[in-house]
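The values are calculated or read from the model by the stated rules, or taken from the named source; none is laboratory data. Note that the structure is predicted; figures quoted are calculated from it, not measured. Every residue, glycine among them, receives a Cβ derived from its backbone with ideal geometry; neighbour counts consider all protein chains shown.
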Amino acid sequence: MIRASHFRRLTALICFIAALAGAWAAQDRKFVTSDTLKAEATTLVKLLEQAHYARDSVRSTDYSQVVPDYMAELDGQHLFFLGSDKAAFTERYGKNVYYNTAFLGNIDAAYEIFAVYQSRVESRVNWIFEELKKDTDFTTQDTYRADRTKSEWPATATAADELWRKRLKFELLGEILNKKSPEEARKTIQKRYERMLKNVAEIEGDNLAELYLSTISHLYDPHSTYFSAQTFEDFGIQMKLKLFGIGALLGLEDDNCIVKEIIPGGPADLGRVLKPNDKIISVAQTGKEPVEIIGMKLRKIVDMIRGEKGTDVHLLVQPADATDPSVRKEIVITRDMVKLNSARARAAVFQVPGAEGKEQSLGVITLPAFYADDDGDTDSEKSTASKDVARLIEQLKKQGVQGLVLDLRRNGGGYLTEAIELAGLFIKKGPVVQVKNYNGEIQVDTDNNDTIAYTGPLAVLVDRFSASASEIVTGALQNYGRAVIVGDTSTHGKGSVQSVVEMRQLNQALRFTTNKDGTPAKTGAAKFTIQKYYLPSGDSTQLKGVIPDIVLPSVSSYMSGIGESDLPHALVWDKIPTSSFEGSPLDAKVLTPLRQSSLERQAKLDEFAYLRKNIEWFKVRQEQKLISVNLDERQKQKEADDAFRKQMNAEKKVLAKGDFTFKEFRLGPPPQPRIKAPKKDADKEAGEDEEDAAEEENDTYVKADIHLRETLRIVNDAIQLGANRDLWASNRPPLTAASGG
């Protein structure tokens, strides 16, 4: 069974060929489908048809969708192809995609579509170079749609020219707003497209084959894909390249390098300045000029970012939460190895004001991932998520905590066995997760240990980035009524299991394929979905995720593209029969007063007013699909955004004074000081106090963590419920191991 965290890493490995949305240097290259590739193509389709979980949901006629999907993979922003190209390709190739691939192994359509694409790009880039020689009028009232992923391709060449004039204005204006002169901005854009020409010229046939066959795999679900022989061979090495250096998992979307994941305990995590979904614009080594990486291959980007331990890398990023696409921020990260002790679970005791102003000692356990390390010589030396959490619980109990928060925010999952063991720390015993295969066979994974590590009031804090194993634990504790779930409108919603298999294992003929020198030929591999997860209640975690009992306002609830439901061809939500377990969701007699008290605080506390202002500002900017390319208007918007950020920074500084005091507990040695990026003038102009920002970066628990503060209050409320027998839903105190829900 493959770990959830590996799913994203596997997917990221093939993203480098999304950099095709650049330009083509004129070369006469003819790609053909080799005999080995033909065998792999037919084998892949057979595998998907016979072994994929959703095999019956895809028909041969659905394969016609591969044509526009493949076009979109090449040209994600729908800028280079024309509407007439789509019509011609669909007519020529659409009806025969299934037959050609499944029976003939013929994927020449991938190469022929790319040949047209390269000619479109070559002519367009030459056109761009000519346009950059002209003066640009930034006084018109033109607008540009920054995200064209769902837009149609321009219908005619004339329409494409008009679209590109707006596009160039948009790009130039972004550079000018970052304090470049018009001439400097033109030079930057010129270099950008020169680099794209070079990068596209390096695209090989196996890259296109990988992209095309992956597009076929995506018909079945977004987590299934095809690896070329080179990608499969480099899998272990490439994964290490992305895990070491700065500790960030990178991928490509269209032309942009995107931070897919921050590895817990790595330099990027410790620095707290690089975040998931940030776009990396350029990379620089200390003392050298920055190199813009837009349109560059992922492997080249990784090579530039990784380096010797202790050396610095300078990244220019566009923050994911930036409301203006021209916003840039420089980040300096010192390269290092990911340290397990930094990634391990950690805990703290918070002093939270309770009834009549009396402080209550409440524990918080933060779990970055469901990890397992079997390198220890003895059982006591092994570091696993469940063992570490159990050790921390014992430390917290010695401190006399009256309640506990399990913080699973941004926990993307990990080992399924650890999820089961961890859930078992809070329940007596019983089913934790059910797994169903295509044939309908259901396996129930159960915690069989009667021992309960913690029996008191419990809350689980989650967000939209809590996925897979996190959702299993959260959903199970919710099913048992063992914890109140607090957080975003839902968790991520990934409830599927993937497996990876090499093609030579599936096709006997491929085992005997040799190179010209007689050595065994390398083959590709397939990653495909084989099972789905279900909670003890029978509800799937797929698509919907886990819905918290108490929802807190959050910007991430309004961010697009971060949940399973945002992915094309995602598997559906469904339900299977409930397993036999002793427990039930929280009774309304318990949940209603907890929710009501939280809603009252959300209505009157300044910190929630602060959150709502941030959310409303973000929503307004996100709904602004068309971006002005008028310099005066954009300058005014930038000034307004800067003023708003300055105001929010000032308000956050005031709110931080109300943070609860805490004492931290760690299992390993104390963490190294966080790496601080130097603040740019733009940050200072936006009102960011450099000293305060540096102080926050060096704190284990960020200042003004409103969601954690409110979750601690909710646990406090639960303790008060337990003190009043009239409010019990049964003859046992609520949210305890004895309550049974």
I need the full set of residues from region 34-67 which are under 30 Å from the mean Cα position of the chain (by Cα), small (Gly, Ala, Ser) and over 21 Å from Val500 (Cβ atoms), in order please. Ser57, Ser64
Only residues that are out of contact with any strand residue (DSSP E or B) (no Cβ under 9 Å at 6 or more places or on another chain), of a type outside the set (Phe, Trp, Tyr) and buried (at least 18 other Cβ atoms within 10 Å of the Cβ): list them for region 598-620, please. Gln602, Glu607, Leu611, Asn614
Which of the following residues is part of a helix (DSSP H, G or I), loosely packed, with under 15 Cβ neighbours inside 10 Å and basic (Lys, Arg): Arg120, Arg124, Arg92? Arg92
Testing Asp463 on (1) surrounded by 24 or more Cβ atoms within 10 Å (Cβ to Cβ); (2) touching a Gly at 6+ places or on another chain (Cβ under 8 Å); (3) modelled with pLDDT under 95, one condition comes back false. Which one is that? (3)
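What do you reckon, is Leu594 crowded, with 16+ Cβ neighbours inside 10 Å, assigned to a helix (DSSP H, G or I) and in contact with a strand residue (DSSP E or B) (Cβ under 7 Å, 6 or more places away or on another chain)?
Details: crowded, with 16+ Cβ neighbours inside 10 Å: yes; assigned to a helix (DSSP H, G or I): yes; in contact with a strand residue (DSSP E or B) (Cβ under 7 Å, 6 or more places away or on another chain): yes.
Here the answer is yes, as Leu594 does meet what is asked.
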It is to be established whether one or more residues within region 549-562 are part of a helix (DSSP H, G or I), buried (at least 20 other Cβ atoms within 10 Å of the Cβ) and of a type in the set (A, V, I, L, M, F, W, C). no
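Which members of region 254-281 meet the condition of being over 11 Å from the mean Cα position of the chain (by Cα), modelled with pLDDT of 80 or more and among the aliphatic types (A, V, I, L, M)? Break it down stepwise before answering.
Going residue by residue through region 254-281, those that are over 11 Å from the mean Cα position of the chain (by Cα) are 254-257, 263-274, 279-281.
Next, from what is left, pick out any that are modelled with pLDDT of 80 or more: 256-257, 266-274, 279-281.
Once the filter is applied, which keeps residues that are over 11 Å from the mean Cα position of the chain (by Cα), modelled with pLDDT of 80 or more and among the aliphatic types (A, V, I, L, M), region 254-281 yields Ala268, Leu270, Val273, Leu274, Ile280, Ile281.
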I need the strands (runs of 3 or more DSSP E) fully contained in region 356-466, keeping only those with at least 2 residues that are touching a residue at least 24 places away in the same chain (Cβ under 8 Å) and polar (S, T, N, Q). 359-366, 430-437
Say whether the condition of being surrounded by fewer than 18 Cβ atoms within 10 Å (Cβ to Cβ), within 20 Å of the chain's Cα centre (by Cα) and free of Cβ contacts under 8 Å to residues at least 12 places away in the same chain is met by at least one residue in region 566-586. yes
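Kindly state which helices (runs of 4 or more DSSP H) lie completely within region 601-713 and contain at least 2 residues that are under 30 Å from Pro457 (Cα atoms), modelled with pLDDT of 90 or more and of a type outside the set (A, V, I, L, M). Break it down stepwise before answering.
Working: elements: 606-622, 631-656, 681-685, 690-697.
So the answer is 606-622.
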